[in-house]
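Undergrad: Starting off with a structure, shown below.
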Amino acid sequence: MKLVGVEFKKNGKQYTFNDNDLPLKEGDRVIVNTERGLQFGVVSTLYGELNDNKEHANVVKVAIDKDEKQNEKNLKDAKKSIEKAQSLANELNLDMKFLDAYFTFDRKQLVLQFLADNRIDFRDLAKGLAAVYKTRIELRQVGVRDKAKEISGIGPCGRKLCCSSFLSDLDSVGIAQVKNQNLALNPAKINGLCGRLLCCLKYEDELYQEYRKDLPEVGDKVEIDGESATVISIDIPRRRYVAITEKNNKVEKYVPFKNIDKKSGSNNGRKGNKWFSLLW
């Protein structure tokens, strides 16, 4: 059997399954077996024969018209469940906002995602929802980045948010990425619509770390043509720095590349792109 990647939501996380010797192709709608029960998904990647020494669940079958209609009903009912859950939460004075919900294909479980500032005791809410939908209820608290992914929008670059267009996993982004790229610590410039650091800061970070090698830092003392100088600025992509000598002369120096791997850098899910080309 061969392995295939299946997504349950558009631009959602991809899961790996055995193809069960079915003649699958990208875009096929399939029913798969998961820990939560049967799920309806779309084949997003054909891996072929991979020996990763892991056990994978099987694709049960290719979806037929009857399955498509059942999935559409599940989607509609899940959308209505958001309104019902929000209404019950308001009655119980629970400070939570529901963002998304979905039924497993066999309706053995209803999963609802919500946003809240603090931890919520939702046991009474779960009991109320279970009484209404006669199925197992899972309430999952998510963060503001997940909210941005669900709502979507236009980023500062003028394009649709990465998280809602092609990112399947929201990797952690820290202030270290900002410093590595020598960016100003201005929240208006480095934060996304969610209020957190821009996901795109992660894309070129590995390459910036390579490019910073052998470059001096601002304030470092260097020797240029036998004269002492102080570094006042660095240009990481071009591997250049500007220093001012004791005679108050500005000098720009180029640092040759040493052991730079031109294939380094992560495309973070964007197919076919080499972020290296943006800096070259």
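The values are calculated or read from the model by the stated rules, or taken from the named source; none is laboratory data. These figures come from a predicted structure and were not determined experimentally. Reconstructed Cβ throughout: ideal geometry from the backbone, glycine too, with neighbour counts over all protein chains shown.
Undergrad: From the residues in segment 83-102 that are touching a residue at least 24 places away in the same chain (Cβ under 8 Å) and not in a helix (DSSP H, G or I), which one is farthest from Val132 (Cα to Cα)?
TA: Going through the qualifying residues, I end up with Asp95.
For every residue, the table says whether it meets (1) modelled with pLDDT of 90 or more; (2) within 25 Å of Ala78 (Cα to Cα); (3) under 18 Å from the mean Cα position of the chain (by Cα); (4) in the same structural domain as Ile82 (by TED's automatic domain parsing).
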position	(1), (2), (3), (4)
Gly158	no, no, no, no
Cys163	no, yes, yes, no
Leu167	no, yes, yes, no
Ser172	no, no, yes, no
Gly195	no, no, yes, no
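Undergrad: Follow-up question, since we're still on this one. Do we find that Gly12 is at pLDDT below 90 and in a loop (DSSP other than H, G, I, E, B) in this structure? If you could, list the steps in order and put the result at the bottom.
TA: On the way: at pLDDT below 90: yes; in a loop (DSSP other than H, G, I, E, B): yes.
The answer is yes for Gly12.
Undergrad: Right, another one. Where residues in segment 141-189 are of a type in the set (D, E, K, R) and in a helix (DSSP H, G or I), which of them is farthest from Pro216 (Cα to Cα)?
TA: The initial filter retains those residues of segment 141-189 that are of a type in the set (D, E, K, R), namely 145-147, 149-150, 159-160, 169, 171, 179, 189.
Imposing the further condition that a residue be in a helix (DSSP H, G or I) reduces the set to 145-147, 149-150, 179, 189.
Working: Arg145: 35, Asp146: 38, Lys147: 40, Lys149: 39, Glu150: 42, Lys179: 14, Lys189: 25 Å.
Per the criteria, the residue is Glu150.
Undergrad: Assess whether Asn74 counts as being surrounded by fewer than 16 Cβ atoms within 10 Å (Cβ to Cβ), under 29 Å from Gly143 (Cα atoms) and not assigned by TED's automatic domain parsing to the domain that holds Lys10.
TA: Details: surrounded by fewer than 16 Cβ atoms within 10 Å (Cβ to Cβ): no; under 29 Å from Gly143 (Cα atoms): yes; not assigned by TED's automatic domain parsing to the domain that holds Lys10: yes.
Answer is no for this residue.
Undergrad: How many residues, within segment 37-60, are over 23 Å from the mean Cα position of the chain (by Cα) and within 25 Å of Ala101 (Cβ to Cβ)?
TA: Qualifying residue count for the region: 5.
Undergrad: Does segment 62-82 include one or more residues that are within 25 Å of the chain's Cα centre (by Cα), without any contact (Cβ under 8 Å) to a residue 40 or more places away in the chain, over 21 Å from Asn33 (Cα atoms) and assigned to a helix (DSSP H, G or I)?
TA: In the first step, residues of segment 62-82 are kept if they are within 25 Å of the chain's Cα centre (by Cα); the result is 75, 78-79, 82.
The next check asks that each one be without any contact (Cβ under 8 Å) to a residue 40 or more places away in the chain; those that pass are 75, 78-79, 82.
Applying the additional criterion that residues be over 21 Å from Asn33 (Cα atoms) yields 79, 82.
Retained after the next criterion (residues that are assigned to a helix (DSSP H, G or I)): 79, 82.
For segment 62-82, residues within 25 Å of the chain's Cα centre (by Cα), without any contact (Cβ under 8 Å) to a residue 40 or more places away in the chain, over 21 Å from Asn33 (Cα atoms) and assigned to a helix (DSSP H, G or I): present.
Undergrad: In the list Gly5, Gly27, which residue meets the criterion of being at pLDDT below 95 and assigned to a loop (DSSP other than H, G, I, E, B)? Step through it out loud before you land on a result.
TA: Working: Gly5 fails: assigned to a loop (DSSP other than H, G, I, E, B).
After applying the criteria, what remains is Gly27.
Undergrad: Considering only residues that are small (Gly, Ala, Ser) and surrounded by 13 or more Cβ atoms within 10 Å (Cβ to Cβ), look in segment 191-243 and name the one that is farthest from Lys149 (Cα to Cα). Quick ask: steps written out before the conclusion?
TA: Of the residues in segment 191-243, the ones small (Gly, Ala, Ser) are 192, 195, 219, 226, 228-229, 233, 243.
Next, only the ones that are surrounded by 13 or more Cβ atoms within 10 Å (Cβ to Cβ) stay: 192, 229, 233, 243.
Values: Gly192: 11, Ala229: 48, Ser233: 37, Ala243: 44 Å.
Top of the filtered list is Ala229.
Undergrad: Only residues that are more than 21 Å from Asn74 (Cα to Cα) and either surrounded by 16 or more Cβ atoms within 10 Å (Cβ to Cβ) or in contact (Cβ under 8 Å) with a residue 12 or more places away in the chain (or both): list them for segment 11-43, please. Walk me through how you get there before you give the answer.
TA: Taking segment 11-43 and keeping what is more than 21 Å from Asn74 (Cα to Cα), we get 16-26.
Of everything in segment 11-43, those that are more than 21 Å from Asn74 (Cα to Cα) and either surrounded by 16 or more Cβ atoms within 10 Å (Cβ to Cβ) or in contact (Cβ under 8 Å) with a residue 12 or more places away in the chain (or both) turn out to be Thr16, Phe17, Asn18, Asp19, Asn20, Asp21, Leu22, Leu24, Lys25, Glu26.
Undergrad: For segment 49-57, does any single residue satisfy the condition of being surrounded by 15 or more Cβ atoms within 10 Å (Cβ to Cβ) and in contact (Cβ under 8 Å) with a residue 12 or more places away in the chain?
TA: Quick first cut of segment 49-57, residues surrounded by 15 or more Cβ atoms within 10 Å (Cβ to Cβ) only: 56-57.
Next, from what is left, pick out any that are in contact (Cβ under 8 Å) with a residue 12 or more places away in the chain: 56-57.
Yes - at least one qualifying residue is present in segment 49-57.
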